[in-house]
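Asker: First, the structure itself, so that you have it in front of you.
Every number in this text was worked out from the coordinates using simple rules, so none of it is lab data. Note that the structure is a prediction, hence the values are computed from the model and not measured. Because the Cβ atoms are built from the backbone with ideal geometry, glycine has one as well, and the counts that use them run over all protein chains shown.
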Amino acid sequence: MTRLYAEMRRGQHNVKVLHVVYQFWPTRRGAVFRTLNVIKATRQFGCKVVVVSSPFQRPAGSAGLEMLDSVRVYRTSHLGMGYGFEDAGGLLGRLRKLSALPAFAKAVVSIARAENVDLLHANGTFFTGLAAIYAGQVLGLPTIYEVRSAWEVEALSGPARWPQRAVAWLAEYAASHLATWTVYNSARLEDHYRPRKDGQSAVIYNALEWPAVPPSPPCGDPDMLRLGYVGSLVRYEGLDLLLAAVARLRAVGIPLHLDVVGAGPAETALKSIARHLGVNSDVTFHGFLEGDDLECVWQRIDVLVLPRRREPVTELVAGLKPLEAFKRAKCVVCSDVGGHREIIDHGETGLYFEAGNLDALCDTLLRLYRDPELRARIGQRAFELGRRRFGLERMARDYLVVYKAALGVC
């Protein structure tokens, strides 16, 4: 440890970190992409990285060690009794999943000891946090716990589940206050789980790898407004409101098209709404896309629309989608929920409208249709400010500050 202190004081960040994650690649979720970005950012500054995924990583039953982009990844799905990420199975299923925690915690101890790591970095939920905290106490290592979402609000909704939600909140509170340091991806999440009295916490927003120059302007008909949505198709994203806005604007002769990229439980209902509103020809549901196919859609989009409903989870969580638009110099139109307001500056990097207000959304889109220079100016400003505030270098420096503090390095 003395060697590590000396190296970090000299600016040589050769700290070895074990990331304890609930899900990892090839699962495609926002939390996984954030972990990949954290790894990429900190490795650029010399950190060494090892990963262990929880017993609920797909495919169920997998075990052992594999290499992903020269990162050693330990799989422990054999401890999960066949459960996957989505297989909650009600209260009994959740209790059975929780029973895997002791075995997983012991596995984390063994891996951390074998890899001779300097620090444990657990990425929510409390399942991974408590396992890492236990391992840190056994091995005398500092632990970072990272809170990325108020998942208990989203996953355990409804009055019948409030006791489970309360227990989950308490478990998250415990993990976030027992770790050596806690990282939140939004200030509102920190408030939700109560700020630590010792001050050993930090808010580190999402980040992406940023191009040196903005991409080329959108291609296609310059007289048509191309709207886009990229993300999960779930109820709280408010896409029914966006479809209603498309129908209203088309009814008054505004030429536009909406590209919807993503999949989720609301997909069938949204397609039915589009048919009912008579906008089938004005909306394209692409399903899940990645790589060049996804970039082709991004290239066509003029405005990314994020019409989230005002719900507890949307008030708390700052997502990745606005940043994906910023790095492509796209104008963002979003509802004024708390998660958006933390990362989007109205009139600078995007435009707000009142959540759930169809008139306000239509007025905002109509304004951008009539003023293409405004949407281009906002997109360019978003690219420039986003590179400074949400680039990987900023994220890496923020994490290195936390790592040094957790290790006691001034």
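Asker: Under unit Cβ charges (Lys, Arg +1; Asp, Glu -1), what dipole magnitude, rounded to 20 debye, does region 181-236 have relative to its Cα centre?
Answerer: Dipole size: approximately 360 debye.
Asker: For region 200-249, report the translational diffusion coefficient in µm²/s to the nearest whole number, using Stokes-Einstein at 10 °C, 1.306 mPa s, and a Kirkwood Rh over Cα pairs.
Answerer: Once the numbers are plugged in, D ends up at 104 µm²/s.
Asker: For region 247-335, what Kirkwood radius comes out of the mean inverse Cα-Cα distance, in Å?
Answerer: Over region 247-335, the inverse of the mean reciprocal pair distance is 14.7 Å.
Asker: Please get the size of the charge dipole for the chain, origin at its Cα centre, with Cβ charges of +1 on Lys and Arg and -1 on Asp and Glu, quoted in debye to the nearest 20.
Answerer: Working: 51 positive and 42 negative charges, 230 e Å.
Dipole size: approximately 1100 debye.
Asker: Another question about this same structure. Can you give the Rg and Dmax of the chain based on its C-alpha atoms, in angstrom?
Answerer: For the chain, the Cα-based Rg and Dmax read 22.1, 71 Å.
Asker: Please pull out the direction-averaged projected area of region 176-324, using the convex hull of its alpha-carbon atoms, in nm² to one decimal place.
Answerer: 11.4 nm²
Asker: Report the charge-dipole magnitude of region 225-389 in Debye, nearest 20, computed about the Cα centre from +1 at each Lys and Arg Cβ and -1 at each Asp and Glu Cβ.
Answerer: 200 debye
Asker: Given R₀ = 35 Å, FRET efficiency for residue 234-residue 197 by Cβ-Cβ distance, to 0.05?
Answerer: According to the calculation, E is roughly 0.50.
Asker: So, one more: If I take every Cα pair under 8 Å that is 6 or more residues apart in the chain, average their sequence separation and divide by the length, what percent do I get for the relative contact order?
Answerer: Taking the mean separation of contacting Cα pairs over the length of the chain, I get 15 percent.
Asker: Efficiency by 1/(1 + (r/R0)^6): what FRET value for residue 288 and residue 209, r their Cβ-Cβ distance, R0 = 25 Å, to the nearest 0.05?
Answerer: Numbers: r = 21 Å, r/R0 = 0.85.
The computed FRET efficiency comes out at 0.75.
Asker: Further question on the same structure: Within the chain, what is the longest stretch that has no chymotrypsin sites (Phe, Trp or Tyr not before Pro) placed in a DSSP loop and near at most 16 other beta-carbon atoms within 10 Å? Can you show the working numbers first?
Answerer: Values: sites that count: 85, 288.
The answer is 86-287.
Asker: Among the trypsin sites (Lys or Arg not before Pro) in region 187-223, which ones are in a DSSP loop with at most 10 other Cβ atoms within 10 Å of the Cβ? Mind listing them?
Answerer: 197
Asker: Around residue 308, which amide H atoms from residues at least 5 apart in sequence, or from another chain, sit under 5 Å from its own amide H, with H modelled in the peptide plane?
Answerer: 335
Asker: Which longest uninterrupted range of the chain lacks any GluC sites (Glu not before Pro) assigned by DSSP to a loop state (not H, G, I, E or B) and surrounded by at most 16 other Cβ atoms within 10 Å?
Answerer: With GluC sites (Glu not before Pro) excluded where exposed in loops, the chain gives 87-208 as its longest stretch.
Asker: With θ taken as phi - 60° and the coefficients 6.51, -1.76 and 1.60, list the Karplus ³J(HN,Hα) couplings across region 357-367 in order, rounded to whole Hz; mark glycine and proline as x.
Answerer: 9, 5, 4, 5, 5, 4, 4, 5, 5, 5, 4
Asker: Further question: Positive end of the dipole of the chain, charges at C-beta (+1 Lys, Arg; -1 Asp, Glu), about the Cα centre: which of 77, 117, 187 has its Cα farthest in that direction?
Answerer: So the residue furthest toward the plus end is 117.
Asker: Under the definition of Cα pairs under 8 Å and six or more residues apart, what whole-number percent is the relative contact order of region 225-389?
Answerer: Reported as a whole number, the value is 24 percent.
Asker: Okay, moving on. Convert each backbone phi in region 202-211 into a coupling constant with the Karplus relation 6.51 cos²θ - 1.76 cosθ + 1.60 (shift: θ = phi - 60°), then list the ³J(HN,Hα) values in order as whole Hz, x for Gly and Pro.
Answerer: 8, 9, 10, 6, 4, 8, 9, 6, 10, x
Asker: What are the extents of the Cα atoms of region 159-211 along their three principal axes, in Å, largest first?
Answerer: Sorted largest first, the three principal extents are 47, 28, 15 Å.
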